[in-house]
Amino acid sequence: MPSGTFQLRWLALTNATSGNAKVNPKWASVAAEEDPSSATLNAEGTSTLTWAAGDNDQYKELTVTLDADTAVASEMIVMDLTFETASWTLAQVSTWIVCVRWV
């Protein structure tokens, strides 16, 4: 990856008209020849997606700037996408699409 600012883009889809979901990405930049399981992951903090009337079966988008660590050229991003169940009120099955993008 090139050095620079990265964002994590979440798209979520569910048949819900109320409720919220909480997510907290934790990540680190890791070089080749490093053990990724020993990397210290840095949390971005919990973000919330909220569904309301009319939001069912429509993609909801959440963008998180990845600045808890520094992305380094030629390294990989190791990430734990943590769904925070405390205060999670979304009561429907949901589908999530996640990607990292450079901006």
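Only the coordinates and a few stated rules stand behind these numbers; no lab work does. Here the structure is a predicted model, which means the values were calculated and not measured. Glycine also receives a Cβ, built like all others from the backbone with ideal geometry; neighbour counts cover every protein chain displayed.
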Formal net charge of residues neighbouring A28 (Cβ-Cβ distance under 10 Å; K, R +1; D, E -1): -3
Going by average Cβ density within 10 Å per residue, which order do the peptides 10-20, 61-71, 90-100, 31-41 take, highest to lowest? 10-20, 61-71, 90-100, 31-41
Considering the values [x] 50, 25, 21; [y] 41, 33, 24; [z] 47, 27, 18, which represents Cα extents along the principal axes in Å as calculated for the structure under consideration? [z]
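What does the charge dipole of the chain about its Cα centre add up to, to the nearest 20 debye, if the Cβ of each Lys and Arg holds +1 and the Cβ of each Asp and Glu holds -1?
Numbers: 5 positive and 12 negative charges, 78 e Å.
Here the size comes out at about 380 debye.
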Note on the chain: contact order normalised by length, alpha-carbon pairs under 8 Å, 6 or more apart, percent, works out to 51
If we count every other residue with Cβ under 13 angstrom of L13's Cβ, Lys/Arg +1 and Asp/Glu -1, where does the sum land? -2
